[in-house]
Amino acid sequence: MMKLSRYVLYDILRSKIIIAYTLFLFIVSFSMFQMEEDSSKALLSLMNIILIALPLVSLVFTTIHYYNSYEFIELMLSQPLSRKKIILSEYAGVSLSLLSAFLIGVGIPVLFYAANETGIALLFTGAALTLIFTSIAFFASVWARDKARGIGFALLLWFYFTLIYDGLVLLILFSFSDYPLEKFTLFISALNPVDLGRIFIMLKMDVSALMGYTGALYKDFFGSGTGLLFTTGIMTLWIVIPLWLAVKKFKKKDL
């Protein structure tokens, strides 16, 4: 399995797309810190870019890679290798390449300019979102046989998690504004890893005072050890469940 993962990783790096992605993240991150004297403002700007760009790149790149590797996957299936090992090796190679690009492109500037609690929270969230949306992309790719449909499904998921979900939450909160929804918002934040990551980072920036009573509740919860375990646990579930569903479908899929 490790040998196959290394081959997938080498094949991805040879395409130079990951190298370009790394340089893009590095230039953007470095530019943010150069333009802003306050590292907190730079981290806030960088957070907004990461929460949009990382899920999109992870979804689209992984989906395209899967369909382009279809012949290679069929070749591996003719070898004495289980389907589970093949799909997990593909996931390991893709996720490691995207994760390395993020940690180099964003991690180095952040550790150089803002090696504080907020910076570490940003790196943790970015790494988690990379693994999560790579897992979701494999789920979408395995379930959709057609390449165009798979990419379209991936883009639809990106729209939902980054744009549509926030609109639905605002609609619910506005419609039921007369009821105490503070604890309910803690629950619905777990249904979207992007939203959960945004809350986790912003509370490390100590801006909860601007969010009123809800912000104080978030601060008390996410600022504690229980909140950290909750965030880590939910992020882990978002990685494991789509990947498990992808493996389950791939084992029964007629290629």
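Scan segment 114-134 and tell me whether some residue there is touching a helix residue (DSSP H, G or I) at 6+ places or on another chain (Cβ under 6 Å), over 14 Å from Met47 (Cα atoms), part of a helix (DSSP H, G or I) and of a type in the set (Phe, Trp, Tyr). The answer is yes, given that some residue of segment 114-134 is touching a helix residue (DSSP H, G or I) at 6+ places or on another chain (Cβ under 6 Å), over 14 Å from Met47 (Cα atoms), part of a helix (DSSP H, G or I) and of a type in the set (Phe, Trp, Tyr).
Quick grid of which residues meet (1) over 18 Å from the mean Cα position of the chain (by Cα); (2) at pLDDT 85 or above; (3) surrounded by 14 or more Cβ atoms within 10 Å (Cβ to Cβ):
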residue: Ile151; (1), (2), (3): no, yes, yes
residue: Leu155; (1), (2), (3): no, yes, yes
residue: Phe159; (1), (2), (3): no, yes, no
residue: Leu186; (1), (2), (3): yes, no, yes
residue: Ala190; (1), (2), (3): no, no, yes
residue: Val194; (1), (2), (3): no, yes, yes
residue: Ile199; (1), (2), (3): no, no, yes
residue: Lys204; (1), (2), (3): yes, no, yes
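From the list Leu129, Leu103, Leu88, the one residue that fits, being closer than 23 Å to Ile241 by Cα, out of contact with any Asp or Glu (no Cβ under 9 Å at 6 or more places or on another chain) and at pLDDT 90 or above, is Leu129. Cβ separations smaller than 9 Å between residues 6+ apart or across chains give the following pairs from segment 235-255 residues that are surrounded by fewer than 16 Cβ atoms within 10 Å (Cβ to Cβ) to residues that are in a loop (DSSP other than H, G, I, E, B): Leu237/Ala190; Lys251/Ser82; Lys253/Arg145.
On the basis of being surrounded by fewer than 19 Cβ atoms within 10 Å (Cβ to Cβ), of a type in the set (S, T, N, Q), touching a residue at least 24 places away in the same chain (Cβ under 8 Å) and within 23 Å of Ala20 (Cβ to Cβ), does Ser141 make the cut? No: the conditions fail for Ser141.
Taking the criterion of being surrounded by 14 or more Cβ atoms within 10 Å (Cβ to Cβ), in contact (Cβ under 8 Å) with a residue 12 or more places away in the chain, closer than 29 Å to Met202 by Cα and among the aliphatic types (A, V, I, L, M), would at least one residue in segment 68-79 satisfy it? No - not one qualifying residue is present in segment 68-79. Residues that are surrounded by 14 or more Cβ atoms within 10 Å (Cβ to Cβ), over 18 Å from the mean Cα position of the chain (by Cα) and of a type in the set (A, V, I, L, M, F, W, C) within segment 29-55 comprise Phe30, Met32, Phe33, Ala42, listed in sequence order. Working only within segment 135-149, note down all residues that are assigned to a helix (DSSP H, G or I) and either under 15 Å from the mean Cα position of the chain (by Cα) or of a type in the set (D, E, K, R) (or both). Within segment 135-149, Ser135, Ile136, Ala137, Phe138, Phe139, Ala140, Lys147, Arg149 qualify. Only residues that are of a type in the set (Phe, Trp, Tyr), over 28 Å from Asp166 (Cα atoms) and in contact (Cβ under 8 Å) with a residue 24 or more places away in the chain were counted across segment 1-32, and they come to 3.
The values are calculated or read from the model by the stated rules, or taken from the named source; none is laboratory data. Here the structure is a predicted model, which means the values were calculated and not measured. In this analysis, Cβ positions are derived from the backbone assuming ideal geometry, glycine residues included, and neighbour counts consider all displayed protein chains.
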